[in-house]
Amino acid sequence: MTAAPPAFHLRGVLLPEGEHRDLWIADGLISHEPVRAPQTLHEGGYLLPGLVDAHCHVGLGPNGAVELPEAIDQARTDRDAGALLLRDCGSPLDTRPLQERADLPRIIRAGRHISRPKRYIPYISAELEHEELLPAAMAEQAANGDGWVKIVGDWIDRGTGDLAPLWSDRILTEAIAAAHAAGARVTAHVFSADAVPGLVNAGIDCIEHGTGLTDDTIAEMAGRGTALVPTLINIELFPGIAAKAGKYPRYAEHMLDLHARCAGTMAAAIEAGVPVYAGTDAGGGIKHGRIADEITALHRVGMSREAALGAASWAAREWLGRPALTHGAPADLVVYAEDPRADLGVLRSPELVVLGGHPYT
């Protein structure tokens, strides 16, 4: 059993409020009131609620599932980068043992991806022979996860040689309703335009990647409050994916087009008021610990620096139902020497990470 951490005191500029404040930590929780015999942990700098990677895959590597020790290393890398809350968007590894460790970020698990045979990366997802099985599979994954279910919305169809949806509109409506009835929200991997309307109209809660969004689907998402996690540093890989797709020229051309239009697509979504959050897609072709790069990428496509920070901190925490630096909340925070609202580059060098009241430097 991990011993209770000592009481601490910190003072700095608290974000997003922007005020110089004192914070205390006792029994691993934030206190806005002085506590007995605190040790001064840090004075000066800028204090943020622990960063959030809203799309990553702990337990997944470039070749599929990894062993538990490697998954622990992945989570530790995220922690040291300041990402203290991870929304794990599907993993072939049961990572519940990591949730029991006080030294690792808090993980919100989505169970396994749900796909169709030969319509996703091999050996990662739960593959359904018939789409009619989707509602029951969604309910099953809802029971296995922490309030989220992840489906594959589109992937290359080798028969047509291009991206295509995996599910009919009818079954999506039934399946998303089944997940909601089981108390879970639903998100989907989507690259192309064709799969988005059926997912959004069926009531999906979030779109991952979203490179194929159009003016119409952006407006629909904004009206419904459907979230978007664009994983911009993952989209940077699209030209390399296209280069390896020589057997499928239509698919390769499509991926290059989605990549070329990505910045404009995301800028339009941000401008329209679609709720956008930061996620790296770490665990496959992306290394863990790169949340600072994703925040910078969000700023590059149109978010203000402060909004991009919020998309990976206080706003993302609110969306996921987790507290920020409120009185009584778990003491999960990151300290920076300089103001990240002025220079996002400082995010790559945290002065101090505090997780559950335990300091890490």
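The values are calculated or read from the model by the stated rules, or taken from the named source; none is laboratory data. Treat the numbers as computed from the prediction; the structure is a model and nothing was measured. Cβ sites come from the backbone with ideal geometry, for glycine too, and all protein chains shown count toward neighbours. In case anyone asks, the SASA skips ligands and DNA or RNA and just uses the protein heavy atoms, side chains included. Shrake-Rupley method; radii C 1.70, N 1.55, O 1.52, S 1.80 Å.
Overview of results
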read-out: Every pair of residues 6+ apart whose Cβ atoms lie under 8 Å, when the first sits in region 67-95 and is under 24 Å from ALA324 (Cβ atoms) and open to solvent by 40 Å² or more (accessible area, probe 1.4 Å) while the second is at pLDDT 95 or above and in a loop (DSSP other than H, G, I, E, B); value: ARG76/ASP103; ARG76/LEU104; THR77/LYS287; THR77/HIS288; THR77/GLY289; ASP80/GLY289; ASP80/PRO350
read-out: Residues being among the aliphatic types (A, V, I, L, M), open to solvent by 10 Å² or more (accessible area, probe 1.4 Å) and within 21 Å of the chain's Cα centre (by Cα) - total across region 307-343; value: 5
read-out: Search result, residues across region 177-197 that are touching a helix residue (DSSP H, G or I) at 6+ places or on another chain (Cβ under 8 Å), open to solvent by less than 10 Å² (accessible area, probe 1.4 Å) and more than 20 Å from HIS259 (Cβ to Cβ); value: ALA179, ALA184, VAL186
read-out: Number of the condition not met by LEU163 [criteria: (1) touching a His at 6+ places or on another chain (Cβ under 8 Å); (2) more than 23 Å from GLY210 (Cβ to Cβ)]; value: (2)
read-out: Residue check, ALA324 over 29 Å from PRO6 (Cβ atoms), at pLDDT 95 or above and not in a helix (DSSP H, G or I); value: no
read-out: Among the candidates GLU174, GLU220, residue that is in contact (Cβ under 8 Å) with a residue 24 or more places away in the chain, open to solvent by 10 Å² or more (accessible area, probe 1.4 Å) and either basic (Lys, Arg) or assigned to a helix (DSSP H, G or I) (or both); value: GLU174
read-out: Filter pass, VAL301 being within 24 Å of ALA102 (Cβ to Cβ) and either at pLDDT 95 or above or of a type in the set (A, V, I, L, M) (or both); value: no
read-out: Odd one out for ILE30 among (1) open to solvent by less than 10 Å² (accessible area, probe 1.4 Å); (2) on the phi > 0 side of the Ramachandran plot; value: (2)
read-out: Looking only at region 106-125, and only at residues there that are surrounded by fewer than 19 Cβ atoms within 10 Å (Cβ to Cβ) and not charged (D, E, K, R), the one that is nearest to THR95 (Cα to Cα); value: TYR123
read-out: Among the candidates LEU133, LEU163, residue that is of a type in the set (A, V, I, L, M), without any contact (Cβ under 8 Å) to a residue 24 or more places away in the chain, over 24 Å from TYR277 (Cα atoms) and surrounded by 15 or more Cβ atoms within 10 Å (Cβ to Cβ); value: LEU133
read-out: Test: residue in region 136-157 that is in contact with a Gly (Cβ under 7 Å, 6 or more places away or on another chain), part of a helix (DSSP H, G or I) and open to solvent by 40 Å² or more (accessible area, probe 1.4 Å); value: yes
read-out: Restricting region 1-48 to residues that are among the acidic types (Asp, Glu) and over 29 Å from the mean Cα position of the chain (by Cα), the residue that is nearest to LEU344 (Cα to Cα); value: GLU43
read-out: Residue, least open to solvent (accessible area, probe 1.4 Å), within region 280-300, restricted to residues that are out of contact with any strand residue (DSSP E or B) (no Cβ under 9 Å at 6 or more places or on another chain) and within 20 Å of THR187 (Cβ to Cβ); value: ALA297
read-out: Filter pass, ALA312 being small (Gly, Ala, Ser), within 24 Å of ASP88 (Cα to Cα) and at pLDDT 95 or above; value: yes
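Yes/no per residue for (1) under 30 Å from ASP78 (Cβ atoms); (2) modelled with pLDDT under 95; (3) open to solvent by less than 10 Å² (accessible area, probe 1.4 Å):
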{"site": "ILE207", "(1), (2), (3)": "yes, no, yes"}
{"site": "THR211", "(1), (2), (3)": "yes, no, yes"}
{"site": "LEU228", "(1), (2), (3)": "yes, no, yes"}
{"site": "THR231", "(1), (2), (3)": "yes, no, yes"}
{"site": "ASN234", "(1), (2), (3)": "yes, no, no"}
{"site": "TYR251", "(1), (2), (3)": "no, no, no"}
{"site": "ALA267", "(1), (2), (3)": "yes, no, no"}
